[in-house]
């Protein structure tokens, strides 16, 4: 039985989060948690948080054995962009784009 967790509007770009998601895709949950814990990147901390939420959702189901879960699907999608302005030299301004992303994790029993 599938269990999922979604985190939206995370303050990290889709490209950076996808690099971390590719590392844990298809792995058992305990291996993925260990890999994310040892990774020194910001998206690893955010993906680990979503993975812990999916595990808690599976634990609430009751009929699912948490020890046999693996990551069936992990998707990192582009969210909206926050557009800001930064002052530059000679009275100019440049646009700064803060990229957001949505992370979805689907777990299944092995």
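Overview of values
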{"read-out": "Estimated inter-spin distance, residue 31 and residue 59, nm [label 7 Å along Cα→Cβ]", "value": "2.3 nm"}
{"read-out": "Cα centroid of the stretch 82-110 to Cα centroid of the stretch 1-77, whole Å", "value": "21 Å"}
{"read-out": "Protection proxy ranking, peptides 66-77, 81-92, average beta carbon neighbours within 10 Å, highest first", "value": "66-77, 81-92"}
{"read-out": "Crossing angle, helix 42-61 versus the chain [Cα axis fit, 0-90 degrees, rounded to tens]", "value": "30 degrees"}
{"read-out": "Per-residue [θ]222 nm for the chain (sum of -39500 (n - 2.57) over DSSP H runs n ≥ 4, rounded to 500)", "value": "-12000 deg cm²/dmol"}
{"read-out": "Estimated FRET transfer efficiency (residue 42, residue 66; beta-carbon r; R0 22 Å; 0.05)", "value": "0.25"}
{"read-out": "Computed label-point distance, nm, for sites residue 6 and residue 89 using a 7 Å Cα→Cβ extension", "value": "4.7 nm"}
{"read-out": "Degrees between helix 14-24 axis and first principal axis of the chain (Cα, 0 to 90, nearest 10)", "value": "20 degrees"}
{"read-out": "Relative contact order, percent, the stretch 7-82 [alpha-carbon distance under 8 Å, six or more residues apart]", "value": "47 percent"}
{"read-out": "C-alpha long axis of helix 29-38 to longest principal axis of the chain, angle in °", "value": "40 degrees"}
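Computed from the coordinates by the stated procedures, all read-outs in this text should not be read as laboratory data. The structure presented is a predicted model; accordingly, all values stated were derived computationally and were not measured. Reconstructed Cβ throughout: ideal geometry from the backbone, glycine too, with neighbour counts over all protein chains shown.
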